[in-house]
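Step one of this worksheet: look at the structure below.
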Amino acid sequence: MVLLSYQKQKHSQDREIVNAILMNGSWINPKKGYLEAAKYLSKLGFIEFEISYFVICANELDLDFPDVYDSDCKNQIIIAHDFNEDCDDLSCEDCGRYILPNTYKKQRSLVLSIKLNIEKTVSYFESLLAGLIWQKAGEGVYHISFQNRIVSIVIPVLCTDTSYLTADRLRINPTVLITLGTRDLKLLLNLYTISMADLICKHETLKEVLLTAVEKGIPELLPNVSLQALNYYPYVPLQYAQPIPPEKILQLQIQGNNICINNIEVIDKHSKSGNIFFILLEQFWQDFKEGISKEQYKALSVGEIANRIGNIFDVEQQIRKPINRMQKNITEKLAKTSGLNVKRDDVIQTLPWSAMSGKEYGYRLNPFILIFRK
Ligand SMILES: [Zn+2]
């Protein structure tokens, strides 16, 4: 049994893998053992995972590489595991070319994506505290009465009040830091640190950890270190203030001949791309006027856009390709001109178009991010 073998073997290699993937993240062609560890952790409920595959548009290891007209197109194109060339289509959204992944023996990369189940992690850890006298001071912060001392256990990933992570508060009691996933921790204190994987893989019991914590006592500041005065490590006010997550908003404006985002010209309104953009804008206004929820804003297929523009002979070349180019150009232009972190879908969103099969896509202006300015 896989599950038991992890617990019994105590192989440090297995524990290292469990530790590495016990976090939100994605791994391309993960190392040996990662998939098995993901199945193990998912069975226990600590994570949810997904496996997907992609091919690279222009990959010199593929047989179609000599025929590719844009050899710099490194777009990663998601491909179904059971892709069948006879009935499935595949094309590159960046350069618009059709791809025959089987005929040209295109290399497939595997992506392992992991989502940590926070609730399960918390309930697992709290189950280890059974029989002890303990108190939860805040999310990810526990005070445990052990051998006439109070030991603090801090799980930084779960901590919502960062003041618990300041040197002042970490030096009140003997303290243990429990990490999830491999992270580069730069500590100012000689803080006793273990990983959640150590507990899950039964490398150490919580009692052993508490004993070591009491033995080590209150963490000391590291000798011969000083705080960096620049804002690399921002200071934390000790009085707790609720952080407000920033909301991403982009302003859409028409200025003269240009369609602008945050005052930056992104599309010429008289160009072919401009025509397509206005079709999407009209649909957006229609949905806006109807007062429907943002989720229901309609995505238009390339065929629908072509019908509304009229006189279109090749929807791939005349509609889809310009849309993909607009998505790319807007992202690049805003990043280059203003340093804004704009994602491909922030202005023109690509969505599965419900009226056809799940493989066909439609486009709409992103109702969650765009606002309009006169
Ligand atoms: Zn491409």
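For this structure, a couple of remarks:
- Tally of residues being under 11 Å from residue 16 (Cα atoms) and open to solvent by 10 Å² or more (accessible area, probe 1.4 Å) across segment 192-201: 2
- Residue within segment 344-357 that is part of a helix (DSSP H, G or I) and surrounded by fewer than 18 Cβ atoms within 10 Å (Cβ to Cβ) present: no
- The residue pairs whose first member lies in segment 63-84 and is at negative phi and acidic (Asp, Glu), whose second member is open to solvent by 60 Å² or more (accessible area, probe 1.4 Å) and within 16 Å of the ligand (Cβ to nearest atom), and whose beta carbons are closer than 6 Å, counting only pairs six or more residues apart or on different chains, are 64/104.
- Scanning segment 148-165 for residues that are open to solvent by less than 60 Å² (accessible area, probe 1.4 Å), under 21 Å from residue 216 (Cβ atoms) and among the aliphatic types (A, V, I, L, M) turns up 151, 153, 154, 155.
- Boolean, residue 157 is in a helix (DSSP H, G or I), within 25 Å of residue 16 (Cβ to Cβ) and in contact with a Gly (Cβ under 8 Å, 6 or more places away or on another chain): yes
- Residues within segment 42-61 that are more than 12 Å from the ligand (Cβ to nearest atom) and either within 14 Å of residue 124 (Cα to Cα) or open to solvent by 40 Å² or more (accessible area, probe 1.4 Å) (or both), tallied: 13
- Of residues in segment 64-89 being open to solvent by 40 Å² or more (accessible area, probe 1.4 Å), within 16 Å of the ligand (Cβ to nearest atom) and farther than 27 Å from residue 35 by Cβ, the one nearest to the chain's Cα centre (by Cα): 72
- Criterion (within 20 Å of the chain's Cα centre (by Cα) and open to solvent by 80 Å² or more (accessible area, probe 1.4 Å)) met by exactly one of 341, 307: 341
- If you go through segment 202-215 and keep only what is touching a Ser or Thr at 6+ places or on another chain (Cβ under 9 Å), in contact (Cβ under 8 Å) with a residue 12 or more places away in the chain and either under 19 Å from residue 187 (Cα atoms) or open to solvent by less than 70 Å² (accessible area, probe 1.4 Å) (or both), you end up with just 213.
- Segment 114-127, residues that are exposed (fewer than 15 other Cβ atoms within 10 Å of the Cβ) and either touching a strand residue (DSSP E or B) at 6+ places or on another chain (Cβ under 9 Å) or touching a residue at least 24 places away in the same chain (Cβ under 8 Å) (or both): 115, 126
- Within segment 124-170, tally of residues that are closer than 23 Å to residue 183 by Cα and β-branched (Val, Ile, Thr): 8
- Single match in 144, 118, 150 (criterion: under 20 Å from residue 165 (Cα atoms) and under 29 Å from the mean Cα position of the chain (by Cα)): 118
- Some residue of segment 90-111 being touching a residue at least 60 places away in the same chain (Cβ under 8 Å), open to solvent by less than 40 Å² (accessible area, probe 1.4 Å), within 16 Å of the ligand (Cβ to nearest atom) and more than 24 Å from residue 319 (Cβ to Cβ): yes
- Among (1) closer than 21 Å to residue 258 by Cβ; (2) at pLDDT 85 or above - the single one residue 335 does not satisfy: (2)
- Residue pairs meeting the criteria (Cβ under 9 Å; at least 6 apart or on separate chains; first among the acidic types (Asp, Glu), in segment 33-50; second assigned to a helix (DSSP H, G or I)): 36/2; 36/6; 36/14; 36/17; 48/42
The values are calculated or read from the model by the stated rules, or taken from the named source; none is laboratory data. Here the structure is a predicted model, which is why all the values come from computation and not from measurement. Don't worry about glycine lacking a Cβ; one is built from the backbone with ideal geometry, like all the others, and counts go over all protein chains shown. The accessibility values were calculated without ligands, DNA or RNA, using every heavy atom of the protein model including side chains. Shrake-Rupley method; radii C 1.70, N 1.55, O 1.52, S 1.80 Å.
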